Amino acid sequence: MSGGSESVSIKVVITKDYWEMSRLAARIIADVIRSKPNIVLGLATGGTPEGCYRELVRMHKEEGLDFSQVITFNLDEYVGLPLDHPQSYHHYMDVHLFNHVNIKRENIHIPDGTAEDLEKHCREYEEAIKKAGGIDLQLLGIGRNGHIGFNEPGSPFNSRTRVVKLTETTRRDNARFFGSLDEVPTHAITMGLATIMEARKILLLASGLNKAEAVAKAVEGPKTPDVPASILQDHPDCTFIIDREAASKLKGRYEKTFSDER
Ligand code: PGA
């Protein structure tokens with residue numbers, strides 16, 4: 001049996017811990033790269049996918065996983081941070097993935113929060129995704145408030161790439177990466193919910209007790225813009241790979257990658 005209610009279409013896989021979550025996600029991504037070397041990947045930042053990227057780097061170095069034809073589009077970026085700022089998502093992606101694999105620089109796309117005309121830049125980002133043939137596999141994290149990308153609660157389900165104001169919850173959650181709350185930017189560029197939903201396959205990762213409520217609401221709660229990730233219930237191929245702690249508030253029974261110890 002799987003799923004908590006009739007309408008649930010999100011597949012959930014519960015892993016023992018963060019590292020098992022990371023390895024499983026990396027294995028799925030590596031498999032799709034091997035089956036389609038010029039795959040278009042949608043990528044996420046934050047603490048959650050770091051282990052997955054570390055595993056992909058290991059696979060590149062030890063197993064020859066080839067990124068030479070891979071095309072990437074990142075979900076989001078802060079507005080106003082220089083691209084080489086240590087907390088910019090440009091910098092994050094270089095440090096955690098791009099500097100360590102054989103991806104071509106011209107195949108990397110990350111929204112530019114320093115663009116002079118941000119609205120035009122957002123339109124062009126959408127165009128670039130279309131021109132690349134659309135996103136084959138989108139990797140996501142989830143915020144404690146249920147956000148995906150920087151689509152905060154209240155984001156319309158039909159939203160596209162745009163400039164958004166960050167909520168205080170998100171700014172406070174991300175302040176740990178900055179010197180102080182004041183240094184966290186107030187705005188960001190994010191792919192919209194409609195942009196994300198157009199990806200052919202979606203993998204959402206979540207780890208830890210502080211994500212349990214958002215995960216339960218996204219998977220088993222009502223579909224509502226108050227919980228942006230709940231829109232994923234309508235996606236035909238969406239899998240949540242989450243560790244036991246992040247799964248602890250789910251009521252339904254789901255696939256586990258480990259046997260329960262007693
Ligand atoms: P985190 O962020 O991985 O740093 O917890 C996830 C998110 O806000 O999407």
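The values are calculated or read from the model by the stated rules, or taken from the named source; none is laboratory data. Note that the coordinates shown come from a computational prediction; the quantities given were computed from them, not determined experimentally. Note that each Cβ is placed from the backbone with ideal geometry, even for glycine, and that neighbours are counted across all protein chains shown. Surface areas here come from the heavy atoms of the whole protein model, side chains and all, with no ligands, DNA or RNA. Shrake-Rupley method; radii C 1.70, N 1.55, O 1.52, S 1.80 Å.
Here is how the numbers come out for the structure above:
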{"read-out": "Among the residues listed as GLY134, GLY146, the single one being farther than 13 Å from THR45 by Cβ, touching a residue at least 12 places away in the same chain (Cβ under 8 Å), away from the ligand (no atom under 16 Å from the Cβ) and open to solvent by less than 40 Å² (accessible area, probe 1.4 Å)", "value": "GLY134"}
{"read-out": "Some residue of the stretch 143-162 being aliphatic (A, V, I, L, M) and closer than 17 Å to VAL79 by Cβ", "value": "no"}
{"read-out": "Condition met for ILE231 (among the aliphatic types (A, V, I, L, M) and either surrounded by fewer than 16 Cβ atoms within 10 Å (Cβ to Cβ) or within 20 Å of GLU50 (Cα to Cα) (or both))", "value": "no"}
{"read-out": "Among (1) farther than 20 Å from ILE196 by Cβ; (2) within 13 Å of the ligand (Cβ to nearest atom) - the single one THR48 does not satisfy", "value": "(1)"}
{"read-out": "Any hit, the stretch 71-87, residues being crowded, with 17+ Cβ neighbours inside 10 Å, away from the ligand (no atom under 16 Å from the Cβ), farther than 17 Å from ILE241 by Cα and of a type in the set (Gly, Ala, Ser)", "value": "no"}
{"read-out": "Within the stretch 42-70, tally of residues that are touching a strand residue (DSSP E or B) at 6+ places or on another chain (Cβ under 6 Å) and open to solvent by 10 Å² or more (accessible area, probe 1.4 Å)", "value": "1"}
{"read-out": "Condition check for GLU261: out of contact with any Ser or Thr (no Cβ under 9 Å at 6 or more places or on another chain), over 21 Å from THR45 (Cβ atoms) and at pLDDT below 95", "value": "yes"}
{"read-out": "Check on PHE178, within 13 Å of the ligand (Cβ to nearest atom) and more than 18 Å from the chain's Cα centre (by Cα)", "value": "yes"}
{"read-out": "Of all residues making up the stretch 151-176, the number that are in contact (Cβ under 8 Å) with a residue 60 or more places away in the chain, assigned to a strand (DSSP E or B) and open to solvent by 40 Å² or more (accessible area, probe 1.4 Å)", "value": "1"}
